[in-house]
Amino acid sequence: MLSEDSRLLSKLFFRLLPIQILLAAIGAVNGIVSGLFASNYVGQDAMSAVGLYGPVTTFLSAVGVMLMGGSQLLCGRYMGSNETERTRSVFSLDILISVILSAAVTAALVIAAGLDLTAFLTGGAGTDRQILNQYILGQAIGVLPLVTSQQLSAFLSLENRSKRTTAASVVYILVNLALNYLFVAVGKMGAFGLALASSLGQWVFCGIQAQYFLSGKSMLRFSLKGSRLKDIPDILRIGYPGALASGYMTIRGLAVNALIIRYVGGAGLSALSAANSFLGIFWALPSGVLAVSRMLIGVSIGEEDRRSLTDVMRVAFYRCVPYMCAVSAVLILLARPLTGLYYKDAADPVYRMTVMGFRLLPVCMPLAIFCTHFTCYAQASGRQLLVHILSLLDGLVCVAGFTALLAPFMGMNGVYAANILNGVVCALFPLLYSWARRRSFPRNMEEAMDIPDSFGAAEEDRIDIAVRSMDEVVTVSEKISAFCREKGIDRRRSFHAALCLEEMAGNVVAHGFPKDRRAHTADVRLVKKDSDLILRIKDDCAPFDLAERRAIMDPEDKTRNIGIRIVYGAAKDIQYQNMFGLNVTTVRI
């Protein structure tokens, strides 16, 4: 269960989650809109074209995930260790790489579609290839904003500017819907109109996000001057293992499409495209959970915080998985009404195949949370072997392998069953991996994650106190003093540690808590690491930087701001940052 003093992390998790779900859902909303207009205004061939383009979409996702994952985790480390300038360097380099790679992909798509080099996607079907080429040309226009906006969304979360992303998302959805109606329903532009509407919507979405970073108000600003070019290999090295699954999925998409065409036919491909396009909006739930966890895991590793690291996983597994199970159950019950959005004739084979897709594919969603989170943790902690194995299993081997075994006998049901079996295998594998390394079955989250004993401070070398009222502030000093005595800390440093944390916690409760009507918690922590005492207080109140307050203090008036004077008098180093809307002050004594 989640520890009492880690409720602040849980609250932060669910505060960040809605915007991350919304971000993940944007592409899914686009897929639903495109699917509905394709099936109702263009025809089943256009729906197949959307499905045939799927591996390209997955590849672009791999590029975006590689850059976003690498930059997020690297920024999390730098933020956790209070290195602001290096965080800014990573931001600039990430945007630069995004633009360069996007330009290269755009050129490749235009050449492939313009010269009719897309037979590898269609298996040589001429009609499908003609429609697909039109669709690719329209999609190529939106590659750059698609990849870049994915990066900007992550950095807006770091800036605590999620409302801007929310506004951009709403505008994008409305623009996409309006342009689809204008280009497809009215203008009869077919597959090209479907893709063009999405691409222009992506430009609007990216522009709204980028405006904040161009306004001069952001902490992170694009500038290659002073950027550490040697961070580029780190971004790619950290990010590429997490993107392997998407890269493998590109190959998997080609393989599964070929198996469906061989054993089921075009109707099976259309059914899978319809089910996936609608379920994509619900896949935004596990994707959003992973996006939040990725940020918090990066920061926890940067702070070498064992408890926060395990609590991130506990929140995802104990609280998010049950919600995902409930959502999946509702989708299964609504299989027929959802199928009716795409296909009306219940006697048509594509209708029956789509119904089964809605009944079976949702089972994969809760299972995916386990696999993706262990992959993310392995990626952040440098366990490349585990990342590679999970990415290969989840991205290619299990789905393609089980599909090849089951599709000849079960048709489309075999394809759907292959996805479920993939989820089961990939959810269990991290536990088996930990069992093999530890030579015993994991009994708790730390053992399941196989966190090294050398990482962070052990439980006995730290104390965590949750402060919610002034009455609890009074007990902070007593608990800190008792901890220091137990650890053999000298009397002077014990006194300073207790006094500093009492003053800091009291300041937060007295001045931060009353500024709004929300319930607040201050997370107080003291860690003994080697010869240092490290004090940290984290709260979700309005930004408050001790250094800024100290700078405006009257040095002659010794009666004011006594608490700040005490802290600075006792500390040998003080660091402050505001991340994800939390004040984090770290003091070394």
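Could you grab the relative contact order for the chain? Cα pairs under 8 Å, six or more apart, rounded to a whole percent. RCO, the chain: 18 percent. Isolated cysteines in the chain, defined as those with no second cysteine Cβ under 4.7 Å, comprise 75, 206, 320, 325, 364, 376, 398, 484, 500, 541.
Per-residue ellipticity at 222 nm, computed for the chain from helices alone with -39500 (n - 2.57) per DSSP H run of at least four residues, works out to -23000 deg cm²/dmol.
Compute the angle between helix 7-37 and the longest alpha-carbon principal axis of the chain, please, reported from 0 to 90 degrees and rounded to the nearest 10. It is inclined by approximately 20 degrees.
In segment 388-456 the Cα-Cα distances spread across 10 Å bins starting at 0 as 20, 36, 25, 15, 4, 0 percent of all pairs.
Sort 258-267, 378-387, 500-509 by packing, meaning the average of other beta carbons within 10 Å per residue, with the highest value first.
By packing density, highest mean first, the sequence is 500-509, 378-387, 258-267.
Taking every alpha-carbon pair under 8 Å whose residues sit at least 6 apart, segment 102-234 reaches a relative contact order of 28 percent.
Rounded to the nearest 10 degrees, the inclination of helix 143-158 to the longest alpha-carbon principal axis of the chain is 20 degrees.
Apolar share of the accessible surface for the chain: 62 percent from carbon plus sulfur atoms, 1.4 Å probe.
Semi-axes of the equivalent ellipsoid of the chain are 48, 26, 20 Å, computed as sqrt(5λ) over the eigenvalues of the C-alpha gyration tensor in descending order.
Centroid-to-centroid, using Cα positions, segment 393-419 and segment 457-533 are 54 Å apart. At a probe radius of 1.4 angstrom, the accessible area of the chain per residue rounds to 42 square angstrom.
State, as an integer percentage, the relative contact order of segment 185-322 based on alpha-carbon contacts under 8 Å between residues 6 or more apart. Before the final figure, lay out the partial values.
Details: 24 pairs, mean separation 12.2, N = 138.
Here the relative contact order equals 9 percent.
Largest first, the residues 487, 344 sort by 1.4 Å accessible area into 344, 487.
Between the helical axis of 349-360 and the longest alpha-carbon principal axis of the chain there is an angle of about 20 degrees. For residue 188, the lysines whose Cα comes closer than 23 Å to its Cα, not counting residues fewer than 8 places off in the same chain, are 344. Per-residue SASA remark: residue 529, around 80 Å² accessible (1.4 Å probe; ligands, DNA and RNA not included). For each pair in 163/529; 487/538; 163/515; 225/529, compute the distance between the two Cα atoms and list the pairs where it is over 27 Å. Where the Cα-Cα span goes over 27 Å, the pairs concerned are 163/529; 225/529.
Would you be so kind as to identify which of 467, 499, 483 lies farthest towards the positive end of the dipole of segment 459-510, taking Lys and Arg as +1 and Asp and Glu as -1 on Cβ and the Cα centre as origin? Checked the options; the winner is 499.
The values are calculated or read from the model by the stated rules, or taken from the named source; none is laboratory data. Note that the structure is a prediction, hence the values are computed from the model and not measured. Cβ atoms come from the backbone with ideal geometry, glycine included; neighbour counts cover every protein chain shown. Only protein heavy atoms, including side chains, enter the accessible area calculation; ligands, DNA and RNA are left aside. Shrake-Rupley method; radii C 1.70, N 1.55, O 1.52, S 1.80 Å.
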